[in-house]
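Engineer: The structure that follows is given in the form of structure tokens.
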Amino acid sequence: MKNTVALPGIFALAFSTVALPSAALAGANTISSAAFGAPPSGEVPILFNDRHVYAKPDKLEAGRVLAALVKRGSILVPLRSLFEQTGATVAYDAAKKTVDVSKPGSDVTVTVGKHTVVINGETRPLDVAPEIYKGALVVPLRVISEGMGAYVEWVPEKRVVIVRYNPVVATAAPSPTPTLPPTPSPAPPSFTPAPTATPAPTPTPYHYEAFVAGDYAFSPKVFNEVAPGQSGRNSFNIKGGFEFPLLGPTWMLEGDYRHVEYIHPANGAAEACAAGSPGCNTVVGSDPNYEFGVCPAPDPGCVTVPGYATTSAYNGLTQAYVPGFYAKEDDLDAKFAIKVADPRVYVGVGGFFKKYNYLGYPTLSGVGAGLEKLPDVDKQFSLYGSAWYYPTVSGKYTYPTSVFLGDLSGSSVNLQYSVLKYEVGATVGLGKSPLYVDFGYAGEHFRGLSNAPADTQVTAPFAGLGLRL
């Protein structure tokens, strides 16, 4: 048939035994669906006015029996075969994926994948959307009973679906009241169709994830040259990402921004001293970042400076006294990755940037690679995690001007680290809202490579809200 959906071979049941709700037997007179029991697994033959319905009604062929399909608690039947039995005309619009069934007094329109049916101009909901199954359009049984005034019954002991239609009494009423009493069920089919090879069902379309989330970092723990185990405050994380198809594979773009604040402690006030006087052995003198003071000492205000190996070789000094201050650090990494496994496992490359607000530290940057499991924010609950490694992040550190540094004053050295940045977490959906709860644990570890005063790390649990886009 041209411009229509081809009829299938045997309809095989794609799920295990499913309890049939009352909505699936709409139009089956006043008999309760509970009296008929639950539909069996496997194929469900159809009888139309005591005749078996076949792929070609005028020709009985082995393997061509047309059966109903039990799916998600409803019985779905082949639309073309049954509606043409009632004398209706069936037209399929391939561009719109709609099927229009018409006969005097009745008009029914369904759309593939849409949970509604239009009966005589009135839109009504469907529990199960019409779909293309093995080459044929199947629709919920309600469409037959309500659209054409047919009487429908499920007979468990015969394992058949019975459809009765009387064109004399059929009306276009939205909710027909069947008048035919149940009749003795006909004998089951006289033969069992031989199994035939069938194509796999069409897979569910892939949902491309897109999200953004903001989290508060609870008392991040900071270890570096200016904060020996300090607890931070006013710290937070912001992240977002999305998936997209490109040239076949699925890709993702993601950004992760982290902000941490903490105090650099110092027990004593800065001490003024003359250059070369006893105890005045800091690396630098009257600089905006550093002060005269006694170092080294058990005072956390004594800080090892970047490039200390060079200053030690020059004048034997490696520390400077730094009065207490409020430190802030910001880092961002941008990631581009390809999906390598389900669910949503990616590998890719990233760019890393870090900025400090203290002691003239430079902005660091570098590239690296990593592994990421994105959250499934379209689900009620999901787990996610990531590990990204940047082998070299660096920036130019410039020594302050000081009489203690001589020719080193104002010169620059390369400050380098390797960085491991990681995160594990979970999401919990908030009902049908696009919002979700986001929580987990994040950290970053810096290992000094060149002119670094110390290895550093920042770790913190976090929690916040996300938005599914």
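Engineer: Amide H of GLU209 versus every other amide H placed in the peptide plane: which residues, excluding those fewer than 5 positions away on the same chain, fall under 5 Å?
Structural biologist: Under 5 Å from the amide H of GLU209 lie the amide H atoms of GLU243, each far enough along the sequence or on another chain.
Engineer: Loop only by DSSP, 13 or fewer other Cβ within 10 Å of the Cβ. Give me the trypsin sites (Lys or Arg not before Pro) in segment 425-469 that pass, ordered by residue number.
Structural biologist: When the trypsin sites (Lys or Arg not before Pro) of segment 425-469 are filtered for loop state and at most 13 Cβ neighbours within 10 Å, LYS432 remain.
Engineer: Turning to a different aspect of this structure: Among TYR358, TYR92, TYR397, rank each residue by its count of other Cβ atoms within 10 Å, from fewest to most, as a rough exposure measure.
Structural biologist: Fewest to most other Cβ atoms nearby, the residues stand as TYR358, TYR92, TYR397.
Engineer: Quick one: which residues, 5+ away or cross-chain, put their amide H under 5 Å from the amide H of THR86? H built at 1.01 Å from N.
Structural biologist: Close amide H contacts, sequence-distant or interchain: none at all.
Engineer: Oh, and also: So, counting K/R as plus one and D/E as minus one, what does the shell of residues with Cβ under 12 Å around PRO306 add up to?
Structural biologist: Once positives and negatives cancel, what remains is 0.
Engineer: Convert each backbone phi in segment 148-158 into a coupling constant with the Karplus relation 6.51 cos²θ - 1.76 cosθ + 1.60 (shift: θ = phi - 60°), then list the ³J(HN,Hα) values in order as whole Hz, x for Gly and Pro.
Structural biologist: Listing the rounded values in order: 10, x, 8, 9, 10, 8, 9, 10, x, 5, 9 Hz.
Engineer: Between beta-carbons, use under 13 Å as the cut-off and find the net charge around ASP438, counting Lys and Arg +1, Asp and Glu -1.
Structural biologist: Overall, the nearby charge balance is -2.
Engineer: Express in nm, to one decimal, how much length is gained between THR401 and THR89 on full extension, taking 0.36 nm for each residue of separation and deducting their alpha carbon distance.
Structural biologist: 103.1 nm is the gain from fully extending THR401 to THR89.
Engineer: From the phi of every residue in segment 327-341, what ³J(HN,Hα) in whole Hz does the Karplus formula 6.51 cos²θ - 1.76 cosθ + 1.60 yield, where θ is phi - 60° and glycine or proline is x?
Structural biologist: In residue order, the calculated couplings are 8, 9, 10, 10, 9, 9, 10, 10, 10, 10, 9, 10, 6, 10, 6 Hz.
Engineer: Quick check: net charge around TYR257, other residues with Cβ under 9 Å of its Cβ, Lys/Arg +1 and Asp/Glu -1?
Structural biologist: Here the count lands on -2.
Engineer: Let me ask something else. CYS302's amide H: which non-local residues (gap 5+, or another chain) put their own amide H closer than 5 Å, with H modeled 1.01 Å from N in plane and none for Pro or chain starts?
Structural biologist: VAL322
Engineer: Would you kindly derive the ³J(HN,Hα) couplings of segment 424-439 from the backbone phi angles with the Karplus curve 6.51 cos²θ - 1.76 cosθ + 1.60 (θ = phi - 60°), listing them in order in whole Hz, with x for Gly and Pro?
Structural biologist: 10, x, 8, 10, 10, x, 9, x, 8, 5, x, 7, 8, 8, 10, 8
Engineer: Now for a separate question. Could you tell me which of the pairs LYS373/LYS421; LYS114/LYS134; LYS134/LYS432 are separated by over 22 angstrom between their Cα atoms in the structure shown?
Structural biologist: Those over the limit are LYS134/LYS432.
Computed from the coordinates by the stated procedures, all read-outs in this text should not be read as laboratory data. Here the structure is a predicted model, which means the values were calculated and not measured. Cβ sites come from the backbone with ideal geometry, for glycine too, and all protein chains shown count toward neighbours.
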